[in-house]
Amino acid sequence: MQKLDLFSGPPKLFIFEQNTNKSKCGCALTLIAAFFMIVISAAYIYEYIISEKYTYEAIQFQNYTLNRDEMEKILTEEKYKPNLTFDVSIEDDNFTVYKKVENNYSFPEKTKVDVFGRSHYIFNEKSNFIGVYIVYKCGKDEKCSSFYELIKSGKLYFGQIEVEHPMKIINHMASVPISDDKEKKAAIISGSFTDDFDYYISRFEWEVIIYKDQKSLLDSLFGNNKEYIFGHFKNNRPEKEKRNLNVNKLNIEKIGDNYYLFATESLFSYNRNFEFLLYRRKKLSFFNVISNISAIFSFVNLVGSILVSLYSKNYDNFQMLKNILNPPAKPKTIIELRNTIQKMGGVGELGMFSNEQNQNSPLIQTLENNIRNTNDINAQERIPPTITLQEIGCCCFVLNNFFCKCCGCVKKTQDRINLINNIIEKYMSFDLLLKNQILLENFFLDYNWNYKPLQYIQCNPIIDLLNSNAIT
């Protein structure tokens, strides 16, 4: 079961009885990094306070698909179709309104007559293509000669088309970016001719607008809609195709049993390639500021760690050897090992720790020891000379990572650092530690314990504290 544990790490080693070797260089870098992060954090927070809380972008999207099924799917989507309201007013009852929605043709019913005697045809349509025509009733006359005589008499104006559609107001900085425009705006298309008997085909192109607001986690969970679909006419003034009204160009069609002359044509559609304007908005919360600061902090921490590692790689070795050769002065403490041993006298197998043992006798009694003790009384003990390591500058430890023999100006200092590194590498190498551990174990097997309690780790005064402080 324990093999499934993927989070536990290897045992941790300590240096100088602490987690890491704290140094002045690391402290200086920490203060510099802290000052830098305080300045950067203050700048980000100030920018967040004074700046706008949303970012947005607009993209012109064009879907030039050749897949017929995909195109049909786009054209049948109700949410993309414009919802238009038409109010066609006619001056003369000899004219009427004819409409085309997709491939369906019909004559709408007259809705009302205003105070000026004009007939109004009001209808609402939602479609990809809408055609609104003002037509002249020719009756059974397939040449529609009566209409031509009407134009010659000076009757040039015969009505107008007014089209309305829902207008939206975009406010990128509002909590709800899309709102309805209470003021209805309408496009007016005049149904008339010029003195040269010209008329125009008016073409309006509808552009779909999709506004996507960034969803939060709660919006996704509760299904809150953050997408707004609406539109507008790309051309405020319709594109017009000029046509001259003459006998050869009259557009006369037979509908049912009667003939009709198409006097005006107004076409409303949106691009068949489905071009639309896409807005995408993202809210800037304070968590964005925190994430940006955290990203910079990670980078600063990485740079600081690299610089400290270049320094510590050599400084730690120097400090370890220095503490071995010149240990720091500590208050002397007397550890009475025999008191610890005596406490263990009657515990299980440790009963061999007899309290009657002569406490003044040496722990290991041999003839050779007696001879050595006698010789030591008459011989002067030779003490080796003290080795003192001189302090080395912080920069020297860092430069050692890039040191080469050609750098003669600091060669002596760098050679000393390299020698210290070699000593540490030799005695802290795994292979050497393993070898010495094996040899030491062989020594323990061959050793004749004159004083048996010393072979138990419980005799160590620090280990013995576990027994005295044990929770009962």
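The values are calculated or read from the model by the stated rules, or taken from the named source; none is laboratory data. In this text, all values refer to a predicted model and were calculated from it rather than measured experimentally. In this analysis, Cβ positions are derived from the backbone assuming ideal geometry, glycine residues included, and neighbour counts consider all displayed protein chains.
General observations
- Sub-6 Å Cβ pairs linking a first residue in the stretch 41-63 that is within 14 Å of residue 285 (Cβ to Cβ) to a second residue that is among the hydrophobic types (A, V, I, L, M, F, W, C) and not in a helix (DSSP H, G or I), at least 6 apart or interchain, are 52/173; 53/284; 54/173, ordered by first then second residue.
Yes or no, residue by residue, for (1) outside the structural domain of residue 163 (by TED's automatic domain parsing); (2) out of contact with any Asp or Glu (no Cβ under 8 Å at 6 or more places or on another chain); (3) within 28 Å of residue 230 (Cα to Cα); (4) among the polar types (S, T, N, Q):
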site: 108; (1), (2), (3), (4): no, yes, yes, no
site: 118; (1), (2), (3), (4): no, no, no, no
site: 121; (1), (2), (3), (4): no, no, yes, no
site: 133; (1), (2), (3), (4): no, no, yes, no
site: 141; (1), (2), (3), (4): no, yes, no, no
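- Selection within the stretch 144-167: residues that are farther than 20 Å from residue 265 by Cβ and not small (Gly, Ala, Ser). The member of this set that is modelled with the highest pLDDT is 167.
- Residue check for residue 401: modelled with pLDDT of 70 or more, assigned to a helix (DSSP H, G or I) and within 46 Å of the chain's Cα centre (by Cα): yes
- Of all residues in the stretch 66-98, those being over 53 Å from the mean Cα position of the chain (by Cα) and surrounded by fewer than 17 Cβ atoms within 10 Å (Cβ to Cβ) number 3.
- When 101, 113 are checked against the criterion of being surrounded by 15 or more Cβ atoms within 10 Å (Cβ to Cβ), over 28 Å from the mean Cα position of the chain (by Cα) and among the aliphatic types (A, V, I, L, M), a single residue qualifies: 101.
- Any hit, the stretch 176-198, residues being touching a Leu at 6+ places or on another chain (Cβ under 8 Å), at pLDDT 80 or above and of a type outside the set (S, T, N, Q): no
- Qualifying residue in the stretch 96-112 (condition: among the polar types (S, T, N, Q) and over 22 Å from residue 267 (Cα atoms)): no
- Sole residue being touching a helix residue (DSSP H, G or I) at 6+ places or on another chain (Cβ under 6 Å) and of a type in the set (S, T, N, Q), chosen from 21, 67: 21
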